[in-house]
Every structure is written in C-alpha cells, then in structure tokens.
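To start, the structure under review is shown below, and the notes come after it.
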Amino acid sequence: MQIVSSGLSDVGRVRTNNEDSFRIVEALNLFILSDGMGGEAHGEVASAMAVDVINKYCESEKEDSGATVLDEVPANISSRTRRLKNAVAQANFQIFQSAQKNPEQRGMGATITTLWLKDTLLSIAHVGDSRAYLLRNGNLQQLTNDHSLVAEQVRRGLITPQQAEESEMQSVLLRALGAHPEVEIDVDEVEIIPRDALLLCSDGLTRMVTEPEIAGALQAEMVPSAAAERLIALANENGGIDNVTVIVVRFEDDANKGWFSWMRRGSAKKD
Amino acid sequence: MAKLSLMFENKLVKEVPIGSRPVTIGRSPDNDLPVDNLAVSNYHARVYFEAGRLVVEDLDSLNGTFVNDLRVERATLHDGDSIWVGKHHIKVDATADAAIPWDTGRKTAAPKINETMVLDTKVRREMIQQAAAMGERAQFSAGRMKVATLVILSGNIDTKEFTLTNKLTVIGKSPMATVRLKGWFKPKMAAQINQRDDGYYLGTGDKVPRVNGTPITGTVRLNDGDLIEICGVRMNFIFRE
C-alpha cells in the first residue's frame, strides 16, 4: 500500500499566535497533532512538547513491555498500540512536570491525537477535542470521541448535537495532557484498506467547517497537500476564530500506482 | 413525570410513565399499552425520549399512527397531543418534568468561554452530577451509558452476540472485522458501524445492507431493535443497559 501524507497549520483570522503543533514521521508512518492551551505562549510549549516526546518515544529502538501504563488496557489491543499509549502517558507526565517546575507555565496543557500505522493496522491514541476521521467509501467517520463537556452531554442524551454546536461551553475540556500526573487515554485500532483517507485536525477546523464540507474537500482533492490547503482555506473563509491544523493521509493500492501517478501528472500539467 | 394515558372513548384504560425504555403500543398483550382492537397491529408504535424530545414512531403498522389528525411515521410529541391508533387514543402528558432543555439553566450559569480550559476533577464531577440530576428528571438513563449490541439471528457466524465498544465496527471477511463473515465470495469489508456522540450509524461498504427490509443509502442512524441484513446474515441491533 502506498501512503501519501501532508500537514498544514495556520494561525487563523483572529488569534495572533499559533498554539497547535503537528508532526509527520514518514519513516515510522506516525502522525501526531496537538492543540495547546494556557496563556502567554505556553500553549505552544505544551503542544510542541507533546509532539516531541511522542515522536522520540516511538522512535526509540527498545520494544517496551508496557509496564509503564498503570491503568488497564483492553486485552485485545496490540503491543504497538500499547506503546503509543505509553508515549502519550509519557508526554502527559513531562508537560505536567514542566508546569510544576516553572511557575510561569502553570495551567498549560494540550490535546493529543496520534495515529501510528504498521502494515494495515492503525493504532489510535487520543486525549482532548482534536479529532481523527476516516473517509471510506465517501462516508466520513470520526475515530475519536471528543473529551469535551458538550460531547459528554450529547453522549448522555442531555443535549442534541445541534445544541452542542451552539453551546458556549464548547471550549471546556474534561481531559487534556498536562493537567494531572496521570491521564485517561483512549486507544483504538482500525484496519486500513486501500483508498481510505485519514484526517487529523484541531478544533479550529471542526468548529468552522461542517462534516459534509470536510468530506467534500477530501473527495475533491485527491492530493493530500491540496486537500490540506483547501480545508484550511474553508476554516478561514468561515471565520477562522482559532488556529487550524490538519494532517491528511491517503492510502493507495500498489496496483493502482500507475493510474494514480498518471493522474497526478495530469493535475501537475494544469499548474 | 411524563406519562401516556390510553383512552377509549372518554374512559381511561391504562396509564404508564415514560422512562428510559421505549413504551410500546400494540394488540399483542406484551406491549406496555396493549390495545385490544383488530385495527391495531401486534406491535403498532412506540414512544420514547430521544435527545431531550419525546418521539412517537410507527412500527410499519397496517392502519397507521396518527398524532392529532396527522398520519405520521415519526413525530415529536408535545404536551397535550393525542396519538390515535384504531379507535383508541393516547393522551400525552409531558407537563411536570419532561425533557428540560439544557439552555434554560445554562444561559445564566455559564459565562462565555473563549479560551480552551480543562475542568479540574472537582468541578467536573459537579458538572456531571448536575447534568445527571437533570437527566434523571428528564427520565433519561443518565450516568449509565447504554451498550449497543448486535445479536445474530441467522447466518454463518460463530459468535452469536457482539458488543459494539469500538468507534468503528467492521462487518466483513477481513481478519480485523468485529463481525467476521465466512465464505468464498464474502467481501473483506461489507459494511461498517460508526459510533458517534449521538448514536450508532450504519454505512455501506462493498455491499449495501438492508435495515428493516430497506436498502440504505449513505449512512443511517440505527434505532433500538433494528433488523440489519447483509451477505445472508440477519442481526438485531439493540441497546443493553
């Protein structure tokens, strides 16, 4: 399977600093996105730290036993996914420690959404309200649960998704990295098939752009970098109240290689 | 508490409260509101809360379900409405403390929050408790998350029941599929179910599944009790407490 990916981050139309961080580690097929919070530039510190710690942890040679994860892990998940979860736990602890040591960093935190592909198995680890989506057969499916107050209220049937969209409490998170020495981390696994597309994004995208618009942009732009640009442009056209960060990943059949590169050549010519 | 009163001409036949489970209406005696009349189907309609609204749903009855004068397949109910099945009608009383719209308490209580913030454990617990209390008044199963389950009715599958705990459940021959199909010509990914905040959605894969006998287009939200048919497998989608 061929994997093509591209990421892009934009400050938006309202804010002056960008607190989002992302990283694509092509050698590992590792994708990391984090949205920082906490005033005076410390949001950036937290999100950059999250991305860096996870990257280093996953890169390190040693296969760990999974002993550092204290809470229970579903028995059926792979060691790869467990490792990704440990990486997120590590990131949480380091942000928390840094905030303890440096009083000016008090209250900083970050969301994290990270995907790691091995062969066709996609490991997902997630905390906060950034999201991962899978576009398959034209259906856009969210792979993560938002850990926000409004999402929790929708899950409990207390408010409708429409009310959640209009709520003033959208920015209230129930979980984030850096708030406590330990954090509950959601993990999941999904098998990837050719022609799937993945999207990681910060809430700056999902608050500005509806899911049908996102699905449309991903289907219209087959080249990940063009899709990423289009999504950021949509968020800014609709107001751009927050930083917007997206990572788009596409999976193509090896058998389709000729056809796909032919098509890319075609689009390159137009430019 | 919201309640339904089954009436025949002007006499009260039976009264039931509406809780977290749907109230079923029909000719069969195992309904919550049994209606002894040949014009009424065995399982005619049901009434339940959905996202804070009271909803009546016709279960493909022969003679139809009417809200006030209008024949409906599915409709939101308001206090004082009457649901007509055959010659009986059911009065809807949603006065006391039916679904309380969340924003009544919210507007004054919450200042506008622009910056992202995390609730610390204490505040979070309080807010969830407050929400849960509201849910209880609204007759929701607040606090208890309902678990979606697929029960296999027929077809070549070893496991008889699947709990949908993942965000994405794949039905197909793929070794990663939760509901694993067997057989030579079965597709790797026949269909998939996505868990969203407000429910479970069935989407097409390499095949188009049928829900309650109708092929789906795009994605459809699954309701408690739906019958899903795909690749010769029939299964029931249900919620367990």
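Just so you know, all these numbers are worked out from the coordinates, no wet-lab data involved. Here the structure is a predicted model, which means the values were calculated and not measured. All Cβ positions, even for glycine, are placed from backbone atoms using ideal geometry, and neighbour counts span all protein chains on display.
Across region B:188-197, coupling constants 3J(HN,Hα) worked out from phi with the 6.51/-1.76/1.60 Karplus curve, θ = phi - 60°, read 4, 10, 7, 6, 8, 10, 10, 8, 10, 4 Hz, and Gly and Pro carry x.
Cα extents for region B:167-234 along the principal axes, largest to smallest and rounded to whole angstrom: 35, 25, 20.
Note that region B:25-71 carries a Kirkwood radius of 11.1 Å, evaluated over its alpha carbons pair by pair.
This ranking places A:Ser130, A:Ser6 by how few other beta-carbon atoms lie within 10 Å of each, fewest first, which gives A:Ser6, A:Ser130. Dividing the radius of gyration of the alpha carbons in region A:47-204 by their Kirkwood radius gives 0.98 for Rg/Rh.
Tell me, A:Leu121, A:Leu218 in order of fewest to most beta-carbon neighbours within 10 Å?
A:Leu121, A:Leu218
Remark: spin-label model distance A:Met1-B:Lys3 equals 5.7 nm, labels positioned 7 Å along the Cα→Cβ axis. Think of region A:123-204 as having a plus end and a minus end, set by charges on the Cβ of Lys, Arg, Asp and Glu; of A:Cys201, A:Val183, A:Gln153, A:Cys201 sits farthest toward the positive end of this dipole. Take each residue of peptide B:199-211, count the partner chain Cβ atoms within 10 Å of its Cβ, and average: the result is 2. Looking at the calculated P(r) for region A:73-116, what percent of the C-alpha pair distances fall above 12 Å? Here the tail beyond 12 Å accounts for 65 percent of pairs.
Taking the fewest neighbouring Cβ atoms within 10 Å as the starting point, the ordered list for B:Trp84, A:Trp116 is B:Trp84, A:Trp116. Of the Cα atoms belonging to region B:1-86, the radius of gyration and Dmax stand at 11.7, 34 Å.
The string of couplings for region B:232-241 from the Karplus curve (6.51, -1.76, 1.60, θ = phi - 60°) is x, 10, 10, 9, 9, 9, 9, 9, 10, 6 Hz, one whole number per residue in order, with x for Gly and Pro.
I want the local charge near A:Arg230. Using Cβ-Cβ distances under 11 Å, sum +1 for each Lys or Arg and -1 for each Asp or Glu among the other residues.
So the environment of A:Arg230 carries a net charge of -4.
The spread of Cα positions in region A:172-241, taken along each principal axis and listed from longest to shortest, comes to 42, 35, 19 Å. Projecting label points 7 angstrom from Cα along Cα→Cβ for B:Lys182 and B:Arg210 puts them 2.4 nm apart. Take each residue of peptide B:160-169, count the partner chain Cβ atoms within 10 Å of its Cβ, and average: the result is 3. The amide H of A:Ser148, built 1.01 Å from its N in the peptide plane, has A:Leu174 as neighbours under 5 Å, considering only residues 5 or more places off or on other chains.
Peptide A:131-138 has a mean shielding of 3, counted as Cβ atoms of other protein chains within 10 Å of each residue's Cβ.
The helix-only estimate of mean residue ellipticity at 222 nm for chain A, built from DSSP H runs of length n ≥ 4 each weighted as -39500 (n - 2.57), is -11000 deg cm²/dmol after division by the residue total.
Placing a pseudo-label 7 Å from each Cα along the Cα-to-Cβ vector at B:Val13 and B:Asn156 gives an inter-label distance of 4.7 nm. So what is the diffusion coefficient of chain A in µm² per second by Stokes-Einstein at 10 °C and 1.306 mPa s, using a Kirkwood Rh over Cα pairs? Answer, rounded: 83 µm²/s.
One Cα centroid belongs to region A:157-222, the other to region A:1-37; the line between them spans 14 Å. When only the Cβ of Lys, Arg, Asp and Glu is charged (+1, +1, -1, -1), the dipole of region B:1-94 relative to its Cα centre reaches about 120 debye. Work through the residues other than B:Leu227 whose Cβ is under 12 Å from its Cβ and net out their charges, Lys, Arg +1 and Asp, Glu -1. Spelling it out: positives minus negatives among the neighbours equals -2.
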